[in-house]
1. Could we say that Tyr182 is at pLDDT 90 or above, of a type outside the set (D, E, K, R) and under 13 Å from Ser51 (Cβ atoms) here?
2. Is it the case that the range 155-170 has a residue that's within 23 Å of the chain's Cα centre (by Cα) and over 30 Å from Gln119 (Cα atoms)?
3. Scan the range 51-72 and report the pairs whose first residue is within 18 Å of Asp211 (Cβ to Cβ) and whose second residue is open to solvent by less than 30 Å² (accessible area, probe 1.4 Å) and of a type in the set (Ser, Thr, Tyr), with Cβ atoms within less than 6 Å and a gap of 6+ or a chain change.
4. I'm told Lys33 meets every condition in (1) touching a residue at least 24 places away in the same chain (Cβ under 8 Å); (2) in contact with a Leu (Cβ under 9 Å, 6 or more places away or on another chain) except one. Can you identify the failing condition by its number?
5. When residues of the range 346-360 are filtered for being modelled with pLDDT under 90 and surrounded by 12 or more Cβ atoms within 10 Å (Cβ to Cβ), how many remain?
6. I'd like to know if the range 338-353 contains one or more residues that are in a strand (DSSP E or B) and more than 20 Å from Tyr84 (Cα to Cα).
7. Just to be sure, is Phe45 outside the structural domain of Leu344 (by the TED database) and within 25 Å of Gly132 (Cα to Cα)?
8. Looking at the range 376-388, which of its residues are in contact (Cβ under 8 Å) with a residue 40 or more places away in the chain and out of contact with any strand residue (DSSP E or B) (no Cβ under 6 Å at 6 or more places or on another chain)?
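The values are calculated or read from the model by the stated rules, or taken from the named source; none is laboratory data. What you see is a predicted model; the values in this text were computed from it and never measured. So basically every Cβ, Gly included, is an ideal-geometry build from the backbone, and we count neighbours across all protein chains shown. Surface areas here come from the heavy atoms of the whole protein model, side chains and all, with no ligands, DNA or RNA. Shrake-Rupley method; radii C 1.70, N 1.55, O 1.52, S 1.80 Å.
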Amino acid sequence: QVIKVYSEDDTSRALEVPGDITARDVCQLLILKNHYIDDHSWTLFEQLTHSGLGRAIEDHELVMDIQSNWVMEEENKLYFRKNYAKYEFFKNPLNFFPDHMISFPSETDAAVRHSGILQMFLSSSTYPEIHGYLHAKEQGKKSWKKWFFLLRRSGLYFSTKGTSKEPRHLQFFCEFNNSDMYMSLTGRKISGAPTNYGFCFKPNKSGGTRDLKQLCADDEQSRTCWMTAIRLLKYGMQLYQNYVQPYQGRGGCSPLSVTPMRSISENSLVAMDFSGHRSRIIENPTEALSVAVEEGLAWRRRGCLRLNSHGSPVAVSSMGMSIHRSQSWFHHKITREEAQRLILQHGLVDGVFLVRDSQSNPKTFVLSLSHGLKIKHFQIVPLEDDGKLFYTLDDGHTRFTDLIQLVEFYQLNKGVLPCKLKHYCARIAF
């Protein structure tokens, strides 16, 4: 079989693959062919162009089964990109299930509720109940209604009487074995949803949008909670096996218990201070980090002079206004909404970021950053002092000669930001 896979910039690559190939196999194939680093975050996405829907395909799913559900005239696509949030709930489960949205069986004690929350989701005997308000689109109509929903092992229900959980007031909404869950990529444009946090269930072999079960949350946190819980309910232990599979080469160890291997040479390295008459070992880790940052900045300042093609020194400061444009994390003139969509596609994990031109002020830049399941925007302001141009995020308290220096600093220090810069959103090309 031949499949076509698209990258972030809409360049495509045709692959000849066997009929039983999984999404993870396709990712591994593309990683090898393009010489990318495998950090276990590469993911295959399905985008339904006509419906404005998309989803991250699970690693174990068969790609040919997915394509067999496509309608030819809809021009659906497979995308290859990073998704840092794919298995984040295995690392920080409490961030995904807020207390006001989850109920445990009455016999469960408080300690187990927090430490064993994932084991409860993956167990066949118990399953925490997820509950809260969602907007639901009425079948065959344009109107939306707000109901109190409950997620149980048997499926998704809504209450016809307030927040009542009595069986006589619960009405079945859908089950998940024969349908796939998608996120709305177009917000309110196509479906007329009351918020931008939409998701839906599309039956396999569906005839079109008329069969969609469309829902809409009030905020990103609740949408993430619902979608994560439904993934765990539908796939169970298969998700955990997908998560630990990259680590099975280390004797089948769980990533929760693996400690990174260090070489003998790394173990023998120490931080040194050579500023005084006699050198000394820096014992304090905080001081060692501070010295490392200062050394890096000093090296950058010394490196401001480069040789041109004729061997004469030329100041890089004249390039300061444009040197960042070659960086993978810089996205030229994209809007705030496009930046949010791009970060959302890469996963709402703390530290996912990009830098872009400001739409409101052409002289400034904006750092868009994911933190706490929200996307925040920070203005990078240029300052001129003694004829030199600097960039700052904190009203001039910390200054940088260019945007590359600024990003490198905040990758090591969170400073005024809510977290360090960790993963950048890049528009990769095949």
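1. yes
2. Checked against the condition, which is being within 23 Å of the chain's Cα centre (by Cα) and over 30 Å from Gln119 (Cα atoms), the range 155-170 yields no hits at all.
3. Leu53/Tyr182; Arg55/Tyr182
4. The failed condition is (1).
5. Of the residues in that region, 1 qualify.
6. If we filter the range 338-353 for residues that are in a strand (DSSP E or B), which is where we start, we get 352-353.
Those left that are additionally more than 20 Å from Tyr84 (Cα to Cα): none.
No, the range 338-353 has no match at all.
7. Numbers: outside the structural domain of Leu344 (by the TED database): yes; within 25 Å of Gly132 (Cα to Cα): no.
When the stated conditions are applied, Phe45 does not pass them.
8. Result: Lys388, single match.
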